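Colleague: Have a look at this one.
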Amino acid sequence: MADDTSSPMDRFCGSTFWNATETWYTNDPDFTPCFEQTALVWTPCAFYWAFVIFDFYYLKASLDRNIPWNKLNVSKALVNLGLLVITALDLIMALVKKGGDSELPLYDLDVWGPIIKFATFLLLFIFIPLNRKYGVQTTGCQFIFWFLLTVLSIPRCRTEVRLDAERQKILNSQQPSEQDFSWEEYQFVSFFIFFTFTSIMLILNCFADGMPRQTKYQRGENEIPELSASFLSRITYQWFDKMALKGYRNPLEEKDLWDLRPQDSCSEVMPIFAHHWNQNVRKNYKNKARVEPKAQFSNGNVTFENPHGEKNGRKKGMASIMPPIYKSFGGVFLFGALMKLFTDTLTFAQPQVLSLIISFVEAQDAEPEWKGILYAVLLFVLAAAQTFILGQYFHRMFIVGLRIRTALINAIYRKALRISNSTKKESTVGEIVNLMAVDAQRFMELTTYLNMIWSAPLQIGLALYFLWQQLGPSVLAGLAVMIILIPVNGVIASRIKTYQIRQMKYKDERVKLMNEVLSGIKVLKLYAWEPSFEKQVLDIRDKEIATLRSTAYLNAGTSFLWSCAPFLVSLVTFATYVLTSEANQLSVEKVLVSIALFDLMKLPLTILPMLSVDIAETQVSVNRINKFLNSEELDPNSVLHDSSKPHPMSIENGEFSWGDEITLRNINIEVKKGSLVALVGTVGSGKSSVVQAFLGEMEKLAGVVNTVGKLAYVPQQAWIQNATVRDNILFGQTYDRKRYNKVIDACALRADIDILSAGDLTEIGEKGINLSGGQKQRISLARAVYSDADLYLLDDPLSAVDAHVGKHIFEEVIGPKGILARKSRVLVTHGVTFLPQVDSIYVIKMGEISESGTFDQLVKNKGAFADFIIQHLQEGNEEEEELNQIKRQISSTADVPELLGTVEKAIKLARTESLSDSISVTSADSLMGGGGSLRRRTKRQDSHDSVASAASLKKKQEVEGKLIETEKSQTGGVEFAVYKHYIKSVGIFLSVATLVLNFVFQAFQIGSNLWLTQWANDQNVANDTGLRDMYLGVYGAFGFGQVLSKYLSGLALAIGGLHCSMNVFNKLLNTGLKWPMELFDTTPLGRILSRYSKDVDTVDSVLPAITVQLLNTCFGVLATIVVISLSTPIFLAVIVPIAFLYYFAQRFYVATSRQLMRLESVSRSPIYSHFSETVTGASTIRAYNVGDRFIEESDAKVDKNQVCKYPSVIANRWLAIRLEMVGNLIILFASLFAVLGGQTNPGLVGLSVSYALQVTQTLNWLVRMSSDIETNIVSVERIKEYGETKQEAPWELEQDKNKPKNWPQEGRVEFQNFQVRYREGLDLVLRGVSFNIQGGEKVGIVGRTGAGKSSLTLALFRIIEAAGGRISIDGVDIASMGLHMLRSRLTIIPQDPVLFSGSLRINLDPFEIKTDDEIWKALELSHLKSFVKSLAAGLNHEIAEGGENLSVGQRQLVCLARALLRKTKVLVLDEATAAVDLETDDLIQKTIRTEFKECTVLTIAHRLNTILDSDKVIVLDKGQIIEFASPTELLDNPKSAFYSMAKDANLV
């Protein structure tokens, strides 16, 4: 070796560092020993020293401690020790054997080499006990270090073995050699020991350490395997295999899911966020008085500071959620960004390697084969590295997104418990819930793409830079095309958006109308009005289809633009390139590398415009959340708790407001210990506000409010949670059976609980939907009583219950002898009856206290109180006995003649109005479970608790219990029949056309690419411009073919999708309206409605979009396989095993992921419903002071949702990594075969490799899309199922046409031994009823609840079909005619007036066949004329949904007007149980007597006095007729049932 070695590295080693001839330009490549001992060893060391900071971070962040010593970490320590010894030995041996007296010179390498290694190994050695102590089970940096070190030591193995062989040769040769090989021998042995040890370390680092002994959170059986998975298992997601396998074998359930990772749970995320939020809030105040320590988790509570601040602190501005989000979650996000940067650079390395491969093939045999293999492997390594890093990047981003969502949801929840009433008024509950459901969710979706803000421009920049190198300035032409396409797309996108908004509007209209139709379906059937409403729905649907059509065309346009964009770009660029100068010639390398780079630019260019829109939307969300979190809160100090005051509750000189003008002034109230104070006054005088003032819900402007002791509060509108009855009463307290039963009896809930299907463990629906008002109110009262507080605020708890229950509750609970007798109570009441028994009364008038004192004092005063009593009695709401009681009380007190007179009048009124039916009458449809609420009730007549009804209800409940069939949740795959049905709905021709056109498109695309390579390979083009133009022209033609076929296929699909939407919906609507009534009774309305809304929407917009993408990806993958096989046919052999791998991954994923998505969406809605419940009940929650418990519940629900969400995120990563590796294998084999297969055409080779490079993403999409199709095609399945249900009898029959126009002419109605039941398998409701009514007779039908009165009318209209016997009208059997024929010739005034939204005119005459005069006449007769005349729009007056904007009486009169318009020979009058005031009732009766003189009238009566003048009376009992005669006849016979009813009603 010469001494004048050139480079410093050569001097350092004492030998050559880099020798290109030896390493690169040779058929047998090798590195120099110097390079192997320096660069290849120091690279891993440098890597580790650079990234060791991460290892320290993991120590700090770990939540666990103390891993026990075990085989693994002991072996690691020993092997590491071995490495330290061997390295130290190297140094000592070098110092001993070399330098000094020895003839071998000592080089720097001999000293520094071992020192660097020793330092690195020492650092690693120190981490072994550290990781053990801090509970870190695996670390990535160390794994990568050992991996690199082992791989990079392999070249040296080869060198050492070769040198050893040479030494042996010399020693074995005959010449005795003077050489001393001892140093080389030593190095040989030492290196192989070192190599063995590093390999062992690598293997040991593939496993994770044992379980830590101390953990911050309990780690149960069900912990997520990720926590103790090794680094290798984490980057390949191998720990998820178990779940994938389980999900593949049978559908996953909630119990199969793992626990949440502690660091993602609310209890870890919240304190961090709260800490930064509070800092941020404090920054916004000028006065920096308070300094708070880091947010601690004090007994599970996170304190959030109020950004609205104290009244004094001057505010600088709004506190925003963004800085706390950056500070809390920015670290992980930045780490992710770093990864993204890394993968972006790797992406652009691929086209460079591609060009190397092409030039390798072009050179043909000039280059040694190992280079080709190296390039192929390099391409694979790049792709694989990218796969793993991207996998981790997305994983990180999702975690950040989930944590941000958790933080926001919980911050919003905690705030919602404290917002003041003026804030609450600004927005509806729905809007507040949307902050959580929409805005917080949007953040989560954005985080994944947020890095594209810098990454997209970077990618575009890099692509341009490399393209410039290939093609020079002509790149700008291509870029220009791309940039022009962006605004074009933007315009189309904004058009699509306006159409979407329009479509949403129509969809909402349609769903609203459907909702009304389905709610009022019974009335529609009785009137035979379905066709009219079907037409209305279809009209809206037509408009919707029109917007859908425009959207579909535009969508076809965008997809067309984007798929042709790459082609147009390359066409323009290449054309510019060749035409600008003669010298510019296309080479294969240029063409393919440019195409690859243009492809890389496509994604960022598409994403940027979308991202900008997303960011703008998220900005809006941020502002909305900020506004909410900065809004005003209740002042916690408005109510004092000063125990030195004499009375437990008092207000002194109070002035209060609800945020605007003053509501209460000069309020002075004292509640003595253990006394009962009543607040009375007219409606709206401010009684409830006084109660709110005690609770601190109002804004206190002046005065002092003081309460001492535990509060309980019963609001006027009972607030019921979606939980069991028992949970609602216990309200978080422990269950004490004795006390509980006492409370239940006192609150008169025993009878109700017995009725409920599962007793007090029956679940109550949202907002208490399956309870009556009275029941809710009593449960709310029971909650208060059970809480055993000291102070009770009862805000009119007796208004919703009927009189005798109210009396019972007053005596047992509230009054002087009740359970609460020793407590201090404030009672707001409207009832006059109980006032004599309270300790003191405050009369409130116009927000001031007008007088106070005991009952006797106030009656003597003849002031506001006496007026109040008079006014109250005139309303006539009291029962007779109670009025007598008041009368006695008043007359004993003093002589107040006008008061006494009023009382007498009220007593008379109460007598006349007694009911015929001792029980509130259950209308037929409530028996069938329709109509939602169990009974229609009035104040007078809520005898929910009367024992008689309890028995009849009990029986009914058993039917009710299993009334609603449970919805089948689809599990497993979808049958082929459904796909067939879908293709049929789209249309066979269009389906085939789409497939063929897509195929043609791919053919053109491959053709154009092959043509390009052909052009580039052609040597003659250089000298012949004509030839060049021919190539260019044909290339353009190919492009035109692509453009056309793409557009047509997009169009075919769009039209097919529309076709399908129309077919599916029309069929659904048509069959849906022809369901028999019983199906509507057994299927919940919401479920039917979701077919018309969600499922139809899926078919309209989701399925077509997915189908487009599925077809594109599918054909894309096919094209790739074709191209690769063209260039290297042997590739087909590899395709089979790869396809297998792919198929398995796909099957496993689809099964698991589908179920995880379902679980996730099921667990998401409780978060929002619990939140909306909390917002509604905030004042109750505050009054009982259980806010913390609710916060905990909310946190638990969020955590539970994360438990379902996290695995589905992982499932995506798991799949992506596996599929991308399959794709990477395709790249590897495609390039290997291309290099080794002796393929001579470089164009084909390059093409096949560049296609392979794109396949990874395509494969990924393919699985996503196919699983999406499976998830969404279920909608088609559901609709199909609904379209095939059983139908009622046909609406019209041929023979109906022969009937005279005015049939029935006489109106004879005859029942012959008629039997009927509501549904298969139920008892008969009418058991053989026979009677005969002559034309023109007026017949009354009476009987107790459940006797079968309503069933008679339903049978007459064939709403329920006969089970035996027959009914004939004018001698014609009604079963022999079409339903519409029958129903349109009978008239009914139904029990509950149902109105539909639309004009008044449509409500009277939906088919628009009557003239205006006829309608006005009918209105005049039904006493509505003056009312309608007074309306601005007259007959076109818009009626709100359900007729909300008319009073109940007016609605009843509208129904009368309908009957008058129809006026047929037979009229059925189903009397309204309630709701009609006596006046309206008289009007209706009068009109019917005059107008329907000639007709047969059947009246189902609930008040006997209305039918006393009828011709005949039918008395029904248990489905049989017991009496049928004229009323006078029956009244003369004291033994008749009719007589006893009349007696009950005080009529005889």
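The values are calculated or read from the model by the stated rules, or taken from the named source; none is laboratory data. Not measured: the values here are computed from a predicted model. Glycine also receives a Cβ, built like all others from the backbone with ideal geometry; neighbour counts cover every protein chain displayed. The accessibility values were calculated without ligands, DNA or RNA, using every heavy atom of the protein model including side chains. Shrake-Rupley method; radii C 1.70, N 1.55, O 1.52, S 1.80 Å.
Colleague: Cα gyration tensor of the range 975-1079, axes a ≥ b ≥ c as square roots of the eigenvalues: rounded (a/c below 1.5), prolate (a/b > b/c) or oblate?
Modeller: prolate
Colleague: Using the Kirkwood formula over every pair of different C-alpha atoms, what hydrodynamic radius in Å results for the range 670-794?
Modeller: 16.0 Å is the Kirkwood radius here.
Colleague: Got a sec to turn the phi values of the range 66-73 into Karplus ³J(HN,Hα) couplings, 6.51 cos²θ - 1.76 cosθ + 1.60 with θ = phi - 60°, whole Hz, x for Gly and Pro?
Modeller: Taking θ as phi minus 60°, the curve returns 6, 8, x, 5, 8, 3, 4, 6 Hz for the range 66-73.
Colleague: If I stretch the segment between V1034 and R167 completely, what's the gain in nm (0.36 nm per residue apart, minus their alpha carbon distance), one decimal?
Modeller: Fully extending the segment from V1034 to R167 adds 305.5 nm.
Colleague: On to the next question. What are the GluC sites (Glu not before Pro) within the range 1486-1548 that DSSP puts in a loop, where the Cβ has at most 15 other Cβ atoms within 10 Å?
Modeller: E1494
Colleague: Of K1349/K1486; K512/K845; K507/K984; K673/K862; K817/K862, which pairs sit farther than 31 Å apart, going by alpha carbon to alpha carbon?
Modeller: K512/K845
Colleague: So for the range 1284-1355, what are the equivalent ellipsoid semi-axes in whole Å, largest first, each being the square root of 5 times an eigenvalue of the Cα gyration tensor?
Modeller: Semi-axes (√(5λ), whole Å): 25, 23, 10.
Colleague: One quarter of the convex hull surface, Cα atoms only: what value does that give for the range 520-628 in nm²?
Modeller: Hull-based average projected area comes out at 14.4 nm².
Colleague: In whole Å, what are the Cα extents of the chain along the three principal axes, biggest one first?
Modeller: Here the spans come out as 149, 90, 55 Å, largest first.
Colleague: As I understand it, the value is the acute angle between the Cα axis of helix 1187-1236 and the longest principal axis of the Cα atoms of the chain; what does it come to in degrees, rounded to 10?
Modeller: Its long axis makes an angle of about 40 degrees.
Colleague: Under a crude label model (7 Å from the Cα following the beta-carbon direction), how far is Q1305 from E617 in nanometres?
Modeller: Those two pseudo-labels are separated by 6.8 nm.
Colleague: Check which residues have an amide H placed less than 5 Å from E1523's amide H, if you skip close sequence neighbours.
Modeller: V1515
Colleague: Can you tell me the orientation of helix 108-133 relative to the chain, as the angle in degrees between its alpha-carbon axis and the longest Cα principal axis, to the nearest 10?
Modeller: 20
Colleague: Something else now. From Cα pairs below 8 angstrom and at least 6 apart in sequence, can you work out the relative contact order of the range 743-839, rounded to a whole percent?
Modeller: 30
Colleague: What is the calculated FRET efficiency for R739 to T345, with r their C-beta to C-beta distance and R₀ = 45 Å, to the nearest 0.05?
Modeller: Calculated transfer efficiency: 0.05.
Colleague: List every residue whose amide H lies under 5 Å from the amide H of L701, counting only residues 5 or more places away in sequence or on a different chain, with H placed 1.01 Å from N in the peptide plane.
Modeller: Residues meeting the amide H criterion: E655, F656, S657.
Colleague: Another question, if that's okay. If you keep only loop residues by DSSP, which GluC sites (Glu not before Pro) in the range 1361-1423 have at most 12 other Cβ atoms within 10 Å of their Cβ?
Modeller: Sparse-neighbourhood loop GluC sites (Glu not before Pro): E1408.
Colleague: Which far-off residues, 5 or more places away or on another chain, put their amide H under 5 Å from the one on S824, with H placed in the peptide plane?
Modeller: G674, Y792
Colleague: Give the residue list of GluC sites (Glu not before Pro) in the range 624-675 that are DSSP loop and have at most 12 other beta-carbon atoms within 10 angstrom.
Modeller: Taking the range 624-675 and a limit of 12 other Cβ atoms within 10 Å, the loop GluC sites (Glu not before Pro) found are E661.
Colleague: Do the alpha carbons of any pairs in K776/K887; K627/K1200; K710/K1200; K371/K590 sit beyond 25 Å of each other, and which pairs?
Modeller: Table pairs above 25 Å Cα-Cα are K776/K887; K627/K1200; K710/K1200.
Colleague: Could you tell me the accessible area of W239 in Å² (1.4 Å probe, neighbours in place), rounded to the nearest ten?
Modeller: Surface open to solvent at W239 totals about 20 Å².
Colleague: Between L1293 and N1546, with labels modelled 7 Å along Cα→Cβ, what's the label distance in nm to one decimal, could you check?
Modeller: 5.2
Colleague: For the range 1132-1272, what is the largest minus smallest coordinate of the Cα atoms on each principal axis, given in angstrom and ordered from greatest to least?
Modeller: For the range 1132-1272, the Cα spread along each principal axis is 85, 22, 20 Å.
Colleague: Also, quick follow-up: For helix 140-172, report the angle its Cα long axis makes with the longest principal axis of the Cα atoms of the chain; keep it between 0 and 90° and round to the nearest 10°.
Modeller: 20
Colleague: Identify, among G520, T576, S550, the residue whose Cα sits farthest towards the positive end of the charge dipole of the range 506-593, taking +1 on the Cβ of Lys and Arg and -1 on the Cβ of Asp and Glu, with the dipole about the Cα centre.
Modeller: Positive-most Cα among the choices belongs to G520.
Colleague: Would you calculate the separation in nanometres between label points at K1429 and N1023, each defined as 7 Å from the Cα along the Cα-to-beta-carbon direction?
Modeller: The two pseudo-label positions are separated by 10.6 nm.
Colleague: Also, I was wondering about something else. Treating cross-link reach as a plain straight distance, find the lysines whose alpha-carbon is under 24 Å from the alpha-carbon of K169, omitting any fewer than eight places away in the same chain.
Modeller: K97
Colleague: Take the alpha carbon atoms of the range 713-756, find their center, do the same for the range 390-451, and report the distance between the two centers in whole angstrom.
Modeller: Answer, in whole Å: 34.
Colleague: Further question: For the range 387-486, what mean projected area does the convex hull of the alpha carbons give, in nm²?
Modeller: Quarter of the Cα hull surface area: 10.1 nm².
Colleague: Quick one: grab Rg to one decimal and Dmax as a whole number for the range 1327-1482, Cα atoms only, in Å.
Modeller: 17.1, 53
Colleague: Using the beta-carbon distance between K1410 and N653 and R0 = 51 Å, what value does 1/(1 + (r/R0)^6) give for FRET efficiency, to the nearest 0.05?
Modeller: Calculated value: 0.20.
Colleague: Here's something else I'd like to know. Any chance you could check the Cα centroid distance between the range 773-846 and the range 501-561 for me, in angstrom?
Modeller: A separation of 50 Å, based on Cα centres.
Colleague: Ok, one more. Taking the Cα centre of the chain as the origin, how large is its charge dipole in debye, to the nearest 20, when only Lys and Arg (+1) and Asp and Glu (-1) carry charge on their Cβ atoms?
Modeller: Rounded to the nearest 20 debye, it is 2220 debye.
Colleague: Take every DSSP beta bridge whose two residues both sit in the chain, then give the antiparallel share in percent to the nearest 5.
Modeller: Here the antiparallel bridges make up roughly 55 percent for the chain.
Colleague: Next question, about the same structure. I'd like the distance between the alpha-carbon centres of the range 1206-1237 and the range 120-185, rounded to an integer number of Å.
Modeller: Taking the Cα centre of the range 120-185 as reference, the centre of the range 1206-1237 is 33 Å away.
Colleague: Based on the alpha-carbon set only, what is the convex hull volume of the range 159-239 divided per residue, in Å³?
Modeller: Hull volume over Cα atoms, normalised by residue count, gives 138 Å³.
Colleague: Kindly write out, for the range 617-633 in residue order, the coupling ³J(HN,Hα) from the Karplus curve 6.51 cos²θ - 1.76 cosθ + 1.60 (θ = phi - 60°), rounded to whole Hz, with x marking Gly and Pro.
Modeller: For the range 617-633, the Karplus curve yields 5, 5, 4, 4, 4, 4, 4, 5, 5, 4, 4, 5, 6, 9, 6, 5, 10 Hz.
Colleague: How much space per residue, in cubic angstrom, does the convex hull of the C-alpha atoms of the range 78-128 take up?
Modeller: So the per-residue Cα hull volume is 53 Å³.
Colleague: Can you give the direction-averaged projected area of the convex hull of the alpha-carbon atoms in the range 1-111, in nm²?
Modeller: Taking the Cα atoms of the range 1-111, their convex hull projects to 11.4 nm² on average.
Colleague: Can you figure out the FRET efficiency of S1165 with E1441, using R₀ = 30 Å and their beta-carbon distance, to the nearest 0.05?
Modeller: 0.80
Colleague: Provide the convex hull volume over Cα atoms per residue for the range 576-667, in Å³.
Modeller: Convex hull volume per residue, Cα atoms: 185 Å³.
Colleague: Applying the Karplus parametrisation 6.51 cos²θ - 1.76 cosθ + 1.60 with θ = phi - 60° to the phi angles of the range 494-505, what ³J(HN,Hα) value in whole Hz is obtained for each residue in order, glycine and proline being reported as x?
Modeller: 5, 4, 4, 4, 5, 4, 5, 4, 4, 5, 4, 4
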